[in-house]
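Scroll down for the structure; my scribbles are underneath it.
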Amino acid sequence: MRDLRSQEGSMLVLLIGVIAALAIMASTLVMLTGNVQSNTAQERTRSKAFDVAEGGLDYYMNQMALGWPKGVASPPAFNSAAFRSLDQFNNPSEYPNPAGGAAFANVTVYDNDQTVNGKVNEGYSVAASPHTDANGDGKVWLVATGATGRKAAGIQVKVNRTPVNTQFPKGIAVYAGGNMTSNGGGNNPKITVEDSGGPGNQVHGYVKGTIDTVTVFDQSSANPVIPSVGSLGQYVPPLSDLIPDSMVNQIIALAQTLGRYYDTTQGASLPADKTGLCVIRVADGTTVDLGNNGGINSLESPGILMILGPEGGSGNAITLDMGGNQDFWGVLYTDGRFKSSHGTPDIHGMVICKSNMDMKGTPGILYNASVIANLANQWTLTVNQVPNTWRELRPTPAP
């Protein structure tokens, strides 16, 4: 009995030690659990910031397809409010506003004008590279950032554009699906070659019906316009062979995508701005006036103006009128007739009309191969990431 009583104290000490160890382990477990939860929450917030950066990048690439920053043209501004309103990101409890007033998302454009490892036009400089496709190679770098809560993320990637191929035929100054009238009066020729595109390139003018005088075509210079007139027994190809309906439909679809399609038969108003790509549907018998003075488009940025009849109907009685000292660079296309009975307007490029062509004034139709070529690079079909250029950037932490 004396031996057992002598061991009671040591058992108490052992019990206290076990309890203390368990308490320490419990405290450690609580701290560890708290740290894991904190780290998990921070990682989740960081992952959301990365989602914002990636979402901003995709959103901006779609914007660039509507307005690629060519030459000195400014890049499209990143519409942060519109991006924030997207279903994926409009819940502030899921994507809290960044701390310290930082931008929720942003994308910056840099031209690929820097030499890297001997490769020209490979990289970019934050300090020196322009924010446009200044070198004109159809490639730029995008730097996208996203921030939510106290976390931020960054991405860089090179993108390139696929231009819309307008596929307009080369070497056609005019096509009249009806008759061509021109009073001559010492003002001929009125249809000439401004730029043939190179030595030996032929330029043609087609008139399906009758013509007052073939002297309206310049046939005496080193770069003549070769006339083909149906009433004179010469072959005039169907317009659909030169400009198929599929091509017209593609241009209409592009105009709709760019917000440049106006169907006045469905309540739309005639646009005052007819630059760039512009497709207008009007009721048969309507006259569309291009104005009398000024300029529409340019050699570097030509346009396509289509005046079409009502969908599913005829447009033969539509009139596209042009006079004064107006200049147009690009392709004029109408389901009806082209009229220029006053002034001295000039069209640099190509004129296509399914009906008659009235040349009684002193217009100048100057075929320009460079205008037709520049149309092929004027609008963007898609913007895509260049493989193996995507990289996550070290972000600037939110305050």
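The values are calculated or read from the model by the stated rules, or taken from the named source; none is laboratory data. In this text the structure is predicted, and so the values were computed from the model without any measurement. A quick note on method: Cβ atoms are made from the backbone with ideal geometry, for glycine too, and the neighbour counts reach across all protein chains shown.
Just give me the residues in the range 247-270 being more than 18 Å from the chain's Cα centre (by Cα), surrounded by 13 or more Cβ atoms within 10 Å (Cβ to Cβ) and of a type in the set (G, A, S), in sequence order.
Correct list: A268 only.
On the basis of being in contact with a Phe, Trp or Tyr (Cβ under 9 Å, 6 or more places away or on another chain) and in a loop (DSSP other than H, G, I, E, B), does V126 make the cut?
Here the answer is yes, as V126 does meet what is asked.
Among the residues of the range 82-104, count how many are touching a Pro at 6+ places or on another chain (Cβ under 8 Å) and farther than 10 Å from A147 by Cα.
We begin by selecting, within the range 82-104, every residue touching a Pro at 6+ places or on another chain (Cβ under 8 Å); these are 99-100, 102, 104.
Next cut, farther than 10 Å from A147 by Cα only: 100.
The total comes to 1.
Just to verify a result, which residue in the range 353-367, among those that are surrounded by fewer than 24 Cβ atoms within 10 Å (Cβ to Cβ) and part of a strand (DSSP E or B), is modelled with the lowest pLDDT?
D358
Go through the range 226-270 residue by residue and tally those that are within 18 Å of N165 (Cβ to Cβ), out of contact with any helix residue (DSSP H, G or I) (no Cβ under 8 Å at 6 or more places or on another chain) and either hydrophobic (A, V, I, L, M, F, W, C) or not assigned by TED's automatic domain parsing to the domain that holds N179 (or both).
Result for the range 226-270: 9.
When you look at S298, is it surrounded by fewer than 17 Cβ atoms within 10 Å (Cβ to Cβ) and among the small types (G, A, S), yes or no?
yes
Name the single residue, out of those in the range 228-246 being in contact with a Phe, Trp or Tyr (Cβ under 8 Å, 6 or more places away or on another chain) and in a helix (DSSP H, G or I), that is surrounded by the fewest Cβ atoms within 10 Å (Cβ to Cβ).
Looking at residues that are in contact with a Phe, Trp or Tyr (Cβ under 8 Å, 6 or more places away or on another chain) and in a helix (DSSP H, G or I), I get L242.
Determine whether V174 is modelled with pLDDT of 95 or more and under 26 Å from E300 (Cα atoms).
Details: modelled with pLDDT of 95 or more: yes; under 26 Å from E300 (Cα atoms): yes.
Yes, satisfied.
Considering only residues that are over 15 Å from the mean Cα position of the chain (by Cα) and without any contact (Cβ under 8 Å) to a residue 24 or more places away in the chain, look in the range 67-87 and name the one that is farthest from N135 (Cα to Cα).
By that ranking, first place goes to D87.
So how many residues does the range 322-333 have that are closer than 25 Å to M247 by Cβ and free of Cβ contacts under 8 Å to residues at least 40 places away in the same chain?
Residues flagged as closer than 25 Å to M247 by Cβ and free of Cβ contacts under 8 Å to residues at least 40 places away in the same chain within the range 322-333 amount to 2.
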